[in-house]
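A short write-up of the structure that comes next.
The values are calculated or read from the model by the stated rules, or taken from the named source; none is laboratory data. Only a predicted model underlies this, so the values are computations on that prediction, with no experimental measurement involved. Glycine also receives a Cβ, built like all others from the backbone with ideal geometry; neighbour counts cover every protein chain displayed.
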Amino acid sequence: MLDWLKRLFGQTEEDKKQRFLAMTDALNAVLGGGSPATVDRQLGTLKIRSGVLAFGDPQYVPSLELSNVDADEAVISAKLWQYPSGGATVIALRINLGDCSRCDPPRKVGELAIDSAALVVADKADIEEYWTDTGKDRIGLISTAPDDKLLRELTRRFKLRTVRVNSIEAEIVGPVPESLERDIEEYLKSIPEYAQFPFMHFHVQTNNSFDRVNYSKEPWEFIPVGNDDLPLMFICSTGRGDGCYEVYCQFSGDVQRVVSIDFFGDDDRG
């Protein structure tokens, strides 16, 4: 009867979501060489100097803070789907803050809205002091979607040397001076086809803090917050991508000891 009603009235939004996720998991298994094994792994440690641990999407970190952290470092572990090819997907995070031997059951302390399929964890003071909108690089990227018409135009007009970096972009060889960036942008604004959104057709990537998170190809990393080697932040992909993820914490009395984030909704927070 239930199957008949579903066929009659169509699938619910939750049914569609679960079907999409199942298809995504199946595709990842094909790309990863087979079905993954679930493993637990300690990934590393993160210094906490301000007593405030910050979490968030790289577009707007911090969006969630844990204050009065009674630990000098966070020990970060993950539950992973490990594929035969060697690739991995983070399906849940566990962050230990000091002595975790005696903790109460987990309780929800907040939610994280993720729009970049990535999560940043760092000391709040490090984010405030070192996060930068301008990195050290000046990489000029030209869109080649849906064709290379613009690439040919800009190459000819500005006498550029370029190399293909993927199916939809070409990179200008060498750093792009600010003067050249302005000239190309003004040229694009003079052409109706490109004028409304010139940044979609050409932009300079400096590998600022956001860029380094957004373009990371690793399932997780400890990378510099700013343009210097230290301090570090922890970043990871959020398993199945964008969404709103619940954050749970276990306390020892009033002290926060274990933070857990489940990206796959398996309710495995022990």
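Observations on the model:
- Just so you know, in segment 229-246 the residues that are buried (at least 20 other Cβ atoms within 10 Å of the Cβ) and out of contact with any Pro (no Cβ under 8 Å at 6 or more places or on another chain) include one that is farthest from LEU97 (Cα to Cα), and it is GLY239.
- Strands (runs of 3 or more DSSP E) wholly inside segment 171-270 containing at least 3 residues that are touching a Lys or Arg at 6+ places or on another chain (Cβ under 6 Å) and touching a residue at least 60 places away in the same chain (Cβ under 8 Å): 243-252
So that you can scan it fast, the table gives a plain yes or no per residue for (1) loosely packed, with under 12 Cβ neighbours inside 10 Å; (2) under 15 Å from TYR194 (Cα atoms); (3) over 29 Å from the mean Cα position of the chain (by Cα):
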{"residue": "ARG138", "(1), (2), (3)": "no, no, no"}
{"residue": "SER143", "(1), (2), (3)": "no, yes, no"}
{"residue": "ASP147", "(1), (2), (3)": "yes, yes, no"}
{"residue": "THR155", "(1), (2), (3)": "no, no, yes"}
{"residue": "ARG161", "(1), (2), (3)": "yes, no, yes"}
{"residue": "ASN166", "(1), (2), (3)": "yes, no, no"}
{"residue": "ALA170", "(1), (2), (3)": "no, no, no"}
{"residue": "VAL176", "(1), (2), (3)": "no, no, no"}
{"residue": "SER179", "(1), (2), (3)": "yes, no, yes"}
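- Within segment 127-164, the residues that satisfy the criterion of being farther than 16 Å from ASP211 by Cα and of a type in the set (Val, Ile, Thr) are ILE142, THR144, THR155, THR162, VAL163.
- Among the residues of segment 66-107, those identified as in contact with a Lys or Arg (Cβ under 8 Å, 6 or more places away or on another chain) and among the polar types (S, T, N, Q) are SER77, ASN96.
- Checking ILE184 against (1) buried (at least 21 other Cβ atoms within 10 Å of the Cβ); (2) outside the structural domain of LEU151 (by TED's automatic domain parsing), the condition it does not meet: (2)
- When ASP115, ASP133, ASP126 are checked against the criterion of being touching a Pro at 6+ places or on another chain (Cβ under 6 Å) and either in contact (Cβ under 8 Å) with a residue 60 or more places away in the chain or among the charged types (D, E, K, R) (or both), a single residue qualifies: ASP126.
- Of the residues ARG94, ARG107, the single one that is basic (Lys, Arg) and within 18 Å of PHE264 (Cβ to Cβ) is ARG94.
- Of the residues making up segment 247-269, those that are under 17 Å from ASP99 (Cα atoms), in contact with a Leu (Cβ under 9 Å, 6 or more places away or on another chain) and either hydroxyl-bearing (Ser, Thr, Tyr) or at pLDDT below 90 (or both) number 1.
- Count of residues meeting criterion [in contact with a Phe, Trp or Tyr (Cβ under 8 Å, 6 or more places away or on another chain) and either part of a strand (DSSP E or B) or among the hydroxyl-bearing types (Ser, Thr, Tyr) (or both)] in segment 98-109: 3
- Looking at segment 116-167, the strands (runs of 3 or more DSSP E) lying wholly inside it that each contain 3 or more residues that are farther than 14 Å from PRO58 by Cα and at pLDDT 95 or above sit at 139-143, 162-166.
- Selection from segment 24-46 of residues that are charged (D, E, K, R) and farther than 12 Å from LYS79 by Cα: ASP25
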